[in-house]
Amino acid sequence: MRDRKLRVMVAKPGLDGHDRGARIIARAFRDAGFEVVYTGLHQTPDSIVKAAIQEDVDMIGLSSLAGAHMYLFPEVVKLLKENGADDIVVVGGGIIPDDDIPKLKAQGIVEIFTPGSKLDDMVGWVKANVKTRTD
Amino acid sequence: MSLTYSRKIMDDIRKEREKWERTLKEVFSITPQRLERFSTVSDQEIKPLYTPEDLQNHDFQRDMGFPGEYPFTRGVQPSMYRGRLWTMRMFAGLGTAKDTNQRFHVLVNAGQTGLSTAFDMPTLMGYDTESPRSKGECGKCGVAIDTIVDMEDLFDGLPVDGITTSMTINPPAPVIWGMYIAMAEKRGIDRRKIGGTIQNDMLKEFIAQKTFMCPPIPSLRLITDTVEFGTHEVPRWNTISISGYHIREAGSTAVQELAFTLADGIAYSQAAIERGLKVDDFAPRFSFFFNSHLDFFEEIAKFRAARRLWAKIMKERFKAEDPRSWWLRFHTQTAGCSLTAQQPYNNIVRTALQALAAVLGGTQSLHTNSLDEVLGLPTEEAATIALRTQQIIAEESGVANTIDPLGGAFFVEALSDRMEEEALAIIRKIDEMGGMLSAIEKNYPQREIADAAYRYQRQIDESIKTVVGVNKYATEERLPVEILEIDEALEKIQIEKTLRIKMERDNGKTGECLERLGEACVSGKNVMNPIIDAVKAYATLQEVCDVFRGAFGEYKDPGIY
């Protein structure tokens with residue numbers, strides 16, 4: 001295992017422009033000592049997966065607040081698998097109804113953070129659950 | 001000059017205040033203050049008491065005056081709510097045009113007095129439902145509009161010549177407005193008779209809301225085309241709704257919301273003047289849109305300061321002479337970002353307080369958020385409670401009986417003065433950067449907002465700021481709230497509808513119209529008439545927007561955090 005900082009990607013899939021949460025979390029991750037890649041808005045699942053592989057990240061945090069998470073989040077997991085990169089941990093956050101959470105988890109999204117989540121709790125979760133990827 | 005008092009009286013007040021402060025100190029030495037520092041939701045420090053001493057530079061006639069008179073601190077109309085109440089305008093949009101049309105009818109029957117349309121993400125970004133980029137998004141956070149047929153279905157059975165319609169649309173605003181005008185004309189209604197608002201405020205998109213299509217300079221050109229067209233051809237239409245709402249939702253402070261919004265207004269005015277329009281011909285059709293957040297007095301002071309500051313900008317900077325150019329007329333929406341998913345019924349109370357602040361601040365129209373908007377699109381029941389909240393404020397509480405009831409309160413006047421002063425300092429800074437377009441290129445407002453948002457989130461996490469039900473008084477159990485779900489099958493139905501229209505239309509004619517639009521983009525001719533021709537020939541929203549993308553290029557998010 002390489003001895004390096006955790007590399008996390010914060011990504012905004014879809015057309016949704018609500019980036020307040022994503023940008024705050026990107027900052028909190030940076031302040032926690034992670035290396036952060038923020039994709040900016042309006043990414044497709046395909047562009048996110050390509051960038052994640054190229055940037056060699058350990059985790060992708062997907063943010064969606066406009067209701068398209070049921071398509072976009074599993075699509076990212078599917079494309080990671082197709083590209084042999086399914087050891088990248090995928091988590092999600094945003095306006096996600098309670099009923100959707102088990103369905104997303106069943107499709108490989110490891111954890112979902114809903115409104116009201118604390119920054120330190122999310123940072124703590126990442127430290128406890130995401131490891132640097134092995135070559 | 002002071003508010004009303006003589007030097008002798010002021011001396012007495014100072015002595016009494018000093019005496020009171022000594023007493024206060026004794027009281028706090030026994031029982032300390034609740035907090036070390038008291039501040040607004042935007043972190044402005046607030047004193048324990050305000051007195052006439054805080055208004056020593058305040059002049060009644062100059063700074064406050066009378067409603068309907070310059071500088072309009074107390075309201076733009078002389079009669080305010082004694083004449084007509086504010087417009088109760090609930091923002092609605094879900095699923096297909098037919099679904100939203102049904103919701104419009106429900107709201108109008110419940111006593112709503114204006115329409116307001118929410119579009120889905122593909123429509124907001126200028127894509128048709130069939131675009132691969134639209135997958136999973138159809139009808140999710142508003143209504144899907146691909147063609148003029150959708151626009152006709154949306155307003156079916158609604159009196160578009162008798163009711164005003166607001167449309168929250170930005171990059172494709174000229175197209176959606178063109179569809180609305182074309183729809184009205186197909187019904188035999190003159191474009192000079194229709195009234196309403198398109199948001200059409202791209203600068204705040206780059207700053208905060210982030211639905212964008214073309215880069216800033218061509219975006220401003222398209223907006224100026226709509227201003228020019230509206231001034232000459234659709235005189236009852238508000239061509240831009242200069243919006244602070246999204247700036248605030250993105251995490252700005254109240255003063256930043258005020259300053260950035262008015263700075264955007266300055267940029268639009270400048271562009272229209274450079275086009276050759278006279279300020280008094282277009283400025284009366286500019287309207288504004290603000291957030292009403294949680295801090296009651298800060299919001300009221302913001303609205304009052306906004307009116308006064310804009311009046312001065314119009315009169316002194318742009319030399320407007322028509323009093324209607326000096327008016328800052330505004331719509332308000334309560335703060336979506338203040339709602340909590342936890343204990344969602346508390347959101348009714350938050351919204352009621354925010355709505356009350358908007359009314360005490362003299363808003364011209366108001367949307368009250370539904371308790372479930374943090375969870376999904378509002379259900380019919382939740383939207384009705386939100387509308388009833390406005391009706392209770394208007395017709396039961398008595399607050400609309402007198403104009404600007406808080407005018408003259410030492411705290412409110414002092415806070416209004418301070419917010420005007422601080423906003424003006426930010427506007428000057430933007431002027432020094434060369435105006436809002438170059439400030440945006442330097443990412444100045446974007447960074448300022450990101451900093452404020454992060455600071456606020458940290459204050460919540462550290463319980464410096466209280467959010468009831470989240471970082472205080474939290475409970476484990478979750479109240480069941482019904483969530484409105486949008487049927488995934490709608491996407492297929494909408495795609496088929498648009499495909500059918502494309503098959504049935506005269507493709508040659510549509511193509512010619514789009515070509516003429518492309519030529520107008522290049523030559524600098526106003527795009528509005530070519531757009532109206534194209535949508536009448538059933539060109540889709542994306543086909544028209546693709547012409548813009550081709551001519552002007554696309555803007556990419558710089559990804560600042």
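The values are calculated or read from the model by the stated rules, or taken from the named source; none is laboratory data. None of these values were measured; they are calculated from a predicted model. Cβ coordinates were reconstructed from backbone atoms using ideal geometry, including for glycine residues, and neighbour counts include every protein chain displayed.
Brief remarks follow.
- Residues in the stretch B:332-354 that are more than 20 Å from B:Thr261 (Cα to Cα), more than 14 Å from chain A (Cβ to nearest Cβ) and either in contact with a strand residue (DSSP E or B) (Cβ under 6 Å, 6 or more places away or on another chain) or surrounded by 24 or more Cβ atoms within 10 Å (Cβ to Cβ) (or both): B:Thr351 only.
- Each residue in the stretch B:355-376 was checked for being assigned to a loop (DSSP other than H, G, I, E, B) and more than 17 Å from B:Arg89 (Cβ to Cβ), and 5 of them qualify.
- Selected residue (criterion: farthest from the other protein chains (Cβ to nearest Cβ)) from residues of the stretch A:30-84 that are within 30 Å of B:Gly142 (Cα to Cα) and part of a strand (DSSP E or B): A:Ile60
- Evaluated against (1) touching a Lys or Arg at 6+ places or on another chain (Cβ under 8 Å); (2) away from chain A (no Cβ under 14 Å); (3) farther than 30 Å from B:Leu309 by Cβ; (4) surrounded by 20 or more Cβ atoms within 10 Å (Cβ to Cβ), B:Met121 falls short on exactly one condition, (2).
- Selection within the stretch B:458-476 - in contact (Cβ under 8 Å) with a residue 40 or more places away in the chain, within 10 Å of chain A (Cβ to nearest Cβ) and on the phi < 0 side of the Ramachandran plot: B:Val467, B:Val470, B:Ala474
- Test: residue in the stretch B:445-459 that is touching a Ser or Thr at 6+ places or on another chain (Cβ under 8 Å), at pLDDT 95 or above and not in a helix (DSSP H, G or I): no
- Residues (within 14 Å of chain A (Cβ to nearest Cβ), crowded, with 24+ Cβ neighbours inside 10 Å and among the small types (Gly, Ala, Ser)) located in the stretch B:357-395: B:Ser370
- Only one of the numbered conditions (1) within 14 Å of chain B (Cβ to nearest Cβ); (2) surrounded by fewer than 16 Cβ atoms within 10 Å (Cβ to Cβ); (3) touching an Asp or Glu at 6+ places or on another chain (Cβ under 8 Å); (4) not aromatic (Phe, Trp, Tyr) is violated by A:Thr132, and that is (1).
- Residue tally, condition in a helix (DSSP H, G or I) and among the hydrophobic types (A, V, I, L, M, F, W, C), over the stretch B:204-240: 9
- Residue check, A:Asp87 touching a helix residue (DSSP H, G or I) at 6+ places or on another chain (Cβ under 9 Å) and of a type in the set (D, E, K, R): yes
- Selection of the stretch B:168-205 for residues being among the hydroxyl-bearing types (Ser, Thr, Tyr) and touching a His at 6+ places or on another chain (Cβ under 8 Å) yields only B:Thr197.
- Residues of the stretch B:1-46 satisfying the condition of being β-branched (Val, Ile, Thr), farther than 27 Å from B:Asp59 by Cβ and within 42 Å of the chain's Cα centre (by Cα): B:Val41
- Residue match in the stretch B:154-175 (condition: within 22 Å of B:Gly518 (Cβ to Cβ), touching a strand residue (DSSP E or B) at 6+ places or on another chain (Cβ under 9 Å), crowded, with 23+ Cβ neighbours inside 10 Å and away from chain A (no Cβ under 14 Å)): yes
- Exclusive hit being of a type outside the set (Val, Ile, Thr) and buried (at least 24 other Cβ atoms within 10 Å of the Cβ), set B:Arg324, B:Arg307: B:Arg307
- Sole exception among (1) touching a Lys or Arg at 6+ places or on another chain (Cβ under 8 Å); (2) modelled with pLDDT of 95 or more for B:Glu380, by number: (2)
- The stretch B:12-25 residues that are free of Cβ contacts under 8 Å to residues at least 60 places away in the same chain, paired with ones that are in a helix (DSSP H, G or I) (beta carbon under 8 Å, 6 or more apart): B:Ile13/B:Pro52; B:Ile13/B:Glu53; B:Arg14/B:Glu53; B:Arg17/B:Glu53
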